[in-house]
1. How many of the residues making up region 348-386 are assigned to a loop (DSSP other than H, G, I, E, B), within 13 Å of ligand 1 (Cβ to nearest atom) and surrounded by fewer than 21 Cβ atoms within 10 Å (Cβ to Cβ)?
2. Taking the options Gly56, Gly74, Gly43, name whichever one is crowded, with 17+ Cβ neighbours inside 10 Å, touching a Lys or Arg at 6+ places or on another chain (Cβ under 7 Å) and under 28 Å from Thr209 (Cα atoms).
3. I'd like to know if region 379-386 contains one or more residues that are modelled with pLDDT of 95 or more, within 15 Å of Glu308 (Cα to Cα) and within 19 Å of the chain's Cα centre (by Cα).
4. Consider Val282 carefully, then state whether it is in contact with a strand residue (DSSP E or B) (Cβ under 9 Å, 6 or more places away or on another chain), within 16 Å of ligand 2 (Cβ to nearest atom) and closer than 20 Å to Asp48 by Cα.
5. Inspect region 325-337 for any residue being closer than 21 Å to Gly233 by Cβ and assigned to a loop (DSSP other than H, G, I, E, B) and give the result as yes or no.
6. Whether any residue in region 22-39 is touching a helix residue (DSSP H, G or I) at 6+ places or on another chain (Cβ under 8 Å), part of a loop (DSSP other than H, G, I, E, B) and over 23 Å from Gly316 (Cα atoms) is what I want to check.
7. Look through region 169-198, keep the residues that are in contact (Cβ under 8 Å) with a residue 24 or more places away in the chain and under 28 Å from Leu381 (Cα atoms), and return whichever of them is surrounded by the fewest Cβ atoms within 10 Å (Cβ to Cβ).
8. Does Pro290 count as in a loop (DSSP other than H, G, I, E, B) and either away from ligand 1 (no atom under 14 Å from the Cβ) or farther than 23 Å from Val80 by Cβ (or both)?
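The values are calculated or read from the model by the stated rules, or taken from the named source; none is laboratory data. Predicted model only: the values in this text are computed from it and were never measured. Every residue, glycine as well, gets a Cβ built from its backbone with ideal geometry; the counts of neighbours run over all protein chains shown.
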Amino acid sequence: MGEDYRRMWTDLGLDLGAHDALVGALGKAYQDIYLAQKDRPLGMGYFDFVMSEVHGLRIRELLDEKKAGRRIIGSYCVFVPEEIVLAANATLVGLCSGADFAMEEVERYLPRNTCALIKSSFGFKLGKVCPYFESADMIVVENTCDGKKKAYETLNDLVSNLYVMDLPQVKSENGRELLKTEYNRFRKAVEELTGVAVTAESLKQAIRTVNAKRAAIHRLSSLRKADPAPISGLDALLANQVFFYDNPARFTVSVEKICDELEGRIKEEKGAFLAGTPRILVSGCPQAVPNWKLPFIVETSGAVIVGEESCVGERGTRNLTDESGETVEQMMDAIIDRYFQVDCAIFTPNPDRLEHIREMAAEYRADGVIHYGLQFCQPYLMEAIPVEKALEGQDIPCMRVETDYSMEDVGQLKTRIEAFIEQLR
Ligand code: SF4
Ligand code: SF4
């Protein structure tokens, strides 16, 4: 099997030496962070397997799909509608952007003061270590923050299959019209790529498939309201991360199984942490695989994370798409309505997000909120200040964290986070 995988990675054009280094580091981090946890739900064994095969079996499956005539589409943002991709007989995968790689080379293309997420997306491409990127027939990027917009101009010179989606920045009628135009343009582009027209039937089925995986994640989130929390924030984050990679139907079944197990745990009052452990809501920038730094620090400092107001979390999954439409146009409208509710910080103004953070803090019975901002991410770092003020005005303690993917500040962050948790007790 090992040789078979190596041939597959070579055929994809990966740099085997660099890839070995990345996979080794990922495996070590997983062992130290995930496998070191106590009292994990048995169902997490599925996600351990997925992570051990993230560059192996899953890539083999995608390549088999390609052989059978399906197309693979890679993306970096929750605004790329999976419903349209599935309805046109393609598969959507999230692309890696949660670790520093090939930074020296990256900084030949991007300024040093670019957020870690954007730098990471370049590093995985330039370092030739991402089999998802290399398997994709189309890479969809989006005009969201300024950093992404300008970085993608550069990325366009490095790859031939980039598709740029324009996105509104204001929640107005014009903004919705722009999203509609762009989603219809995207549908045509995917249809051209696959040679398969989206029909009312295929779109309805696709909406059902994506809604089912969202509903499974909603169920998992809802179980985290219990005290003691039946699952760690680290494990729940992993499920939210795998949401972007896995086969949708298999993912849904696996999450539902964990939920059955967690319901049993709740009945027995068994938790991943003791009852009364301080509960934290994390809000802010997305945490892509393998960015587990913040939850690891929080959950080894005496608190449990009970929710993520994040694109890898509830901002990305919270709304379902209305399934009741009968024509492609009606269902496209439902898709536009669903995605237009995503309250990313690139929108101005963005009052819905603050409301959502408050709602989540109450629903998940959070004792405090940690606002997670990546260094140099203007939209989220700027929004963090009014968010903190508004929460503190309502007696919800909030702490702003600004960090990157390096491990240099772990000690300093841990000291600050321990002090914050102490204040919540
Ligand atoms: S934070 Fe904004 S730009 Fe980033 S993935 Fe989410 S919606 Fe997309
Ligand atoms: S983390 Fe911030 S700066 Fe980085 S890509 Fe997302 S919105 Fe842009």
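1. Initial filter on region 348-386 (assigned to a loop (DSSP other than H, G, I, E, B)): 348-350, 364-367, 375-377.
Retained after the next criterion (residues that are within 13 Å of ligand 1 (Cβ to nearest atom)): 348, 350, 377.
Among the residues that remain, those that are also surrounded by fewer than 21 Cβ atoms within 10 Å (Cβ to Cβ) are: 348, 350.
So the count comes out to 2.
2. Values: Gly56 fails: touching a Lys or Arg at 6+ places or on another chain (Cβ under 7 Å); Gly74 fails: touching a Lys or Arg at 6+ places or on another chain (Cβ under 7 Å).
From the options Gly56, Gly74, Gly43, the qualifying one is Gly43.
3. yes
4. Numbers: in contact with a strand residue (DSSP E or B) (Cβ under 9 Å, 6 or more places away or on another chain): yes; within 16 Å of ligand 2 (Cβ to nearest atom): yes; closer than 20 Å to Asp48 by Cα: no.
Judged against the criteria, Val282 is not a match.
5. Here is the first cut: in region 325-337, the ones closer than 21 Å to Gly233 by Cβ are none.
No, region 325-337 contains no residue that is closer than 21 Å to Gly233 by Cβ and assigned to a loop (DSSP other than H, G, I, E, B).
6. Checking region 22-39: at least one residue is touching a helix residue (DSSP H, G or I) at 6+ places or on another chain (Cβ under 8 Å), part of a loop (DSSP other than H, G, I, E, B) and over 23 Å from Gly316 (Cα atoms).
7. Val170
8. Numbers: in a loop (DSSP other than H, G, I, E, B): yes; either away from ligand 1 (no atom under 14 Å from the Cβ) or farther than 23 Å from Val80 by Cβ (or both): yes.
So Pro290 passes the test.
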